[in-house]
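The values are calculated or read from the model by the stated rules, or taken from the named source; none is laboratory data. Bear in mind the structure is a predicted one, so any value in this text is a computation, not a measurement. A quick note on method: Cβ atoms are made from the backbone with ideal geometry, for glycine too, and the neighbour counts reach across all protein chains shown. To get the accessible areas, we keep the full protein, side chains included, count just its heavy atoms, and leave off ligands, DNA and RNA. Shrake-Rupley method; radii C 1.70, N 1.55, O 1.52, S 1.80 Å.
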Amino acid sequence: MTADLAQTHFRGIEKMNTLEDGTVHSASCMRTEGVTDRLAAGLLKLIMPYYVRFLFLLLCLILIAECRKHKSRKKRWSAPAENHKPGSPLSKKVADGTKSRKVKTTHLLRIDEHDFTMRPAFAGPAVPVGVDVQVESLDSISEVDMDFTMTLYLRHYWKDERLAFPSTTNKSMTFDGRLVKKIWVPDVFFVHSKRSFIHDTTTDNIMLRVFPDGHVLYSLRVTVTAACNMDFSRFPLDSQTCTLELESYAYTDEDLMLYWKSGDESLSTDDRISLSQFLIQKFHTTSRLAFYSSTGWYNRLYINFTLRRHIFFFLLQTYFPATLMVMLSWVSFWIDRRAVPARVSLGITTVLTMSTIITGVNASMPRVSYIKAVDIYLWVSFVFVFLSVLEYAAVNYLTTVRDGKDRKLREKVREQSQTLPCTCGMSHTRTMMLDGTYSEADVNSLAGYTRASMVAEEASEKQERMVVHLSLDNESTGTKKKGLRGFRIIQNTHTIDTYSRMIFPGAYILFNLIYWCVYC
């Protein structure tokens, strides 16, 4: 009887669950309940005592309750969105149509239906391709290699009706560089470029934007190193104009018309662009046709920019040191001519320093075949330093020659003083020995001999020596002084240094005035 009551109770519970939930239990719960019912009935009838039957019945009730709880949890998490109230946050979420719309790009743009190896409107009029450029940075200017490096955003605009697609919102679609390989794009390259590359960190810096009517925007970020023909005849007081040229490689002007999309406004630059040695004066654009004898005419676009070099760096590193070396060489004019080690070491030091400055400047410059402005200044300064060394060489030579003559003169005067009588008390008449070795000072030292005294002396000492005496009047004396005055500068080494102290600085100052007036 107890087993019958338990079975009746189980069936009542099943009916109640079915009525409340409107569904049946899962297959696993049903199988568990059926097995439990059969085992409970058999055991209760045959073997188990009353209290064991009661415990077993309690265990079965617990298992049934767990199955019901699991089923209610599953219903709660899988409930449809329509059951939420209108004011709940979940009711405001809009479904993402792009996730449910499983359409491939190739199908939408009909890439497989066209041959994109040919340009748009093939065998028809030229395809107009607009170009604009945004200069991100001007990285470097190299005088040795005569080139420049620039990073820029290059954008192309054209229309390809093969890429048109239906759209109700008239919004464009944006793609990365993977689609570029499947469609036609302009084959623009940089003329006279040495190196160039498209940035690829963290992925290829390429953007493709397609509009519903077939208009295409193709943008890429490029760094290019191109040649720049520089004129260094006024270096470092020069201005350089460099050009970056763009051109189609395969398509002539009959197939592709390359043009600046917005004229001069097609080129934009960053205001923060700056260079250490140059001042960027202006950017501007031009365009013209380029002709190749074997292929024909091509549209070519030009990006021109003018650079003016900063002079202050070269004033500190080149001009001021060279000027100081020239001024240092003038110090030897105030040093005693007999201080040979001091004047020689000073001259050699300035010459070697000037040589080092010239070598350092030329090491950072291309080996051009013409003279630069800095070469003129440095070599003129080198000549001034070298002339100061030659000036001391001349002074030292003349000093040596004069000292030798003075030594011989003193010896002869000493010999004559031993044979000549005393001239004390004689009148002051200028005399000169006719052996050709006496100077004006030596002639003055013999003054005081009169004609009468000389004749008397000749008569008394005729057998011992013969002295020819000549009296000089005022006219002959004046002529003698004029002849000797012309050689005074050469004979007096102090006078050479005195004139050098004025001539060298004056000539160098005049050279600087002319130099800076011509090149500035």
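Values for this structure:
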item	result
Cα extents of the stretch 364-408 along the three principal axes, largest first (Å)	59, 15, 14
Estimated distance in nm for a label pair at residue 165 and residue 306, the labels positioned 7 Å out from Cα along Cα-to-Cβ	4.8
Percent accessible area from carbon and sulfur atoms, the stretch 214-338, protein chains only, probe 1.4 Å	52
The stretch 215-271 - Rg and Dmax from Cα coordinates, angstrom	16.2, 49
FRET efficiency, 1/(1 + (r/R0)^6) with R0 45 Å, evaluated for residue 512 and residue 187 via beta carbons	0.20
Under Karplus coefficients 6.51, -1.76 and 1.60, residue-wise ³J(HN,Hα) of the stretch 497-510 in Hz, glycine/proline x	4, 5, 5, 5, 4, 9, 6, 4, x, x, 5, 5, 5, 5
Net charge, residue 297 excluded, C-beta distance under 12 Å - Lys, Arg +1, Asp, Glu -1	-2
Whole-percent pair-distance distribution, where bins are 10 Å wide, for the alpha carbons of the stretch 237-386	9, 24, 19, 17, 13, 9, 5, 2, 0
R0 of 45 Å, Cβ-Cβ distance residue 203-residue 284: FRET efficiency to nearest 0.05	0.85
Charge sum, other residues only, whose C-beta stays under 14 Å from residue 256's C-beta, Lys/Arg counted +1 and Asp/Glu -1	-3
Estimated inter-spin distance, residue 55 and residue 110, nm [label 7 Å along Cα→Cβ]	8.1
Length gained when the stretch residue 313-residue 390 is fully extended (0.36 nm per residue, less Cα-Cα span)	24.5 nm
Solvent-accessible heavy-atom area per residue, rounded to whole Å², over the stretch 242-373 at 1.4 Å	57
Two-site label geometry, residue 369 and residue 348: point separation in nm, points 7 Å out along Cα→Cβ	3.9
Expected-Rg normalisation [2.2 N^0.38 Å, Cα atoms] applied to the stretch 141-236	1.47
Portion, in percent, of the accessible area of the stretch 356-420 that falls on carbon or sulfur, probe 1.4 Å	60
